[in-house]
1. Does ARG111 satisfy the criteria of being touching a Gly at 6+ places or on another chain (Cβ under 6 Å) and either in a loop (DSSP other than H, G, I, E, B) or at pLDDT 95 or above (or both)?
2. Among the residues in region 123-132, are any of a type in the set (A, V, I, L, M) and under 22 Å from ARG53 (Cα atoms)?
3. Quick one: in region 121-146, of everything that is assigned to a strand (DSSP E or B) and more than 12 Å from the chain's Cα centre (by Cα), which residue is surrounded by the fewest Cβ atoms within 10 Å (Cβ to Cβ)?
4. So, restricting to helices (runs of 4 or more DSSP H) that lie completely within region 168-224, which ones have at least 2 residues that are touching a Phe, Trp or Tyr at 6+ places or on another chain (Cβ under 9 Å), in contact (Cβ under 8 Å) with a residue 60 or more places away in the chain and under 18 Å from ALA75 (Cα atoms)?
5. Check LEU74 against each of (1) modelled with pLDDT of 95 or more; (2) crowded, with 24+ Cβ neighbours inside 10 Å; (3) over 23 Å from LEU225 (Cα atoms); (4) not hydroxyl-bearing (Ser, Thr, Tyr) and name the one condition it does not meet.
6. With respect to GLN179, determine if the residue is surrounded by fewer than 16 Cβ atoms within 10 Å (Cβ to Cβ), in contact with a strand residue (DSSP E or B) (Cβ under 9 Å, 6 or more places away or on another chain), modelled with pLDDT of 85 or more and among the polar types (S, T, N, Q).
7. For region 48-103, what are the residues that are hydrophobic (A, V, I, L, M, F, W, C), free of Cβ contacts under 8 Å to residues at least 40 places away in the same chain and over 30 Å from GLY199 (Cα atoms)?
8. Within region 71-88, can one find any residue that is among the hydrophobic types (A, V, I, L, M, F, W, C) and over 23 Å from ILE249 (Cβ atoms)?
Amino acid sequence: MNEQSKPVPESTTHFGFRDVPVGDKQKLVGQVFTSVAKSYDLMNDLMSFGIHRLWKRHFVAISGVRRGDRVLDLAGGTGDIAALLKPVVGDEGEVVVGDINAAMLSVGRDRLTDRGLVAGLRWAQLNAERLPFPDNSFDAVTMAFGLRNVTDKDRALADICRVLKPGGRALVLEFSRVQSELFGKLYDFHSFKVLPKLGQLFAGDADSYRYLAESIRKHPDQATLKDMMERAGFGRVEVRNLTHGIVAIHRAYKF
């Protein structure tokens, strides 16, 4: 076989602790979230000891979002962040909830409709790496517990920067690197020994919960994500650790 006829090795990425072809990750992640869509809030409760609700409130509180703003909430899932943002932007503003997974969007739309949150909300199935919006479209872009599942994070961050208006803010809330060694050991035990068993018990799905724990460990730590956001074109990137760094908020600006 000559050099020209040799097959080109396919590039790989991580899916939890497994290496998979880049082209397969989106489908595999989609299968996980289709499986857990109806138990997504339970999943977050199990992963965070229920504290995720406080993290999300703080996330929105420091977002700088104001009445009349147009906000894109990526990986909007079951609508938790959108429900917190909508009263802030008011009737004059708009929240666009974007998620790649149709099952998650369906659960979120139904849930917020049942709560009477309809006007000023749009729902869009989309890929965060290729946002279907013009440049300079949004005052803020939020993304909670979604970036770690994106295949090409650099591309997604660059596209988030593109669709922000000058002066706009990007906020990422994500599981990160625990700062306390003792607390980290306890959290690892919970994540890898307890969480899959709870997932099996309450949702009948240990594998999806095991993947979610693994995906957290493969996600860039606080400093690395800060560097990635700066390379994507953001300025004044700020990092806030919550609960010993179990999660971190990265807030950045487009200048």
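1. Working: touching a Gly at 6+ places or on another chain (Cβ under 6 Å): yes; either in a loop (DSSP other than H, G, I, E, B) or at pLDDT 95 or above (or both): no.
Against the criterion (touching a Gly at 6+ places or on another chain (Cβ under 6 Å) and either in a loop (DSSP other than H, G, I, E, B) or at pLDDT 95 or above (or both)), ARG111 does not qualify.
2. Step one: of region 123-132, the residues of a type in the set (A, V, I, L, M) are 124, 126, 128, 131.
Add one more test, that the residue is under 22 Å from ARG53 (Cα atoms), and what stays is none.
The answer is no; no qualifying residue exists.
3. Among those residues, the one meeting the criterion is ARG122.
4. Details: elements: 181-189, 195-203, 206-218.
Those helices (runs of 4 or more DSSP H) span 206-218.
5. Answer for LEU74: the failing condition is (3).
6. yes
7. ALA61, VAL88, VAL89, VAL95
8. Here is the first cut: in region 71-88, the residues among the hydrophobic types (A, V, I, L, M, F, W, C) are 71-72, 74-75, 81-85, 88.
Next cut, over 23 Å from ILE249 (Cβ atoms) only: none.
Scanning region 71-88 turns up no residue that is among the hydrophobic types (A, V, I, L, M, F, W, C) and over 23 Å from ILE249 (Cβ atoms).
The values are calculated or read from the model by the stated rules, or taken from the named source; none is laboratory data. Computed from a predicted model, the values in this text were never measured in an experiment. Every residue, glycine as well, gets a Cβ built from its backbone with ideal geometry; the counts of neighbours run over all protein chains shown.
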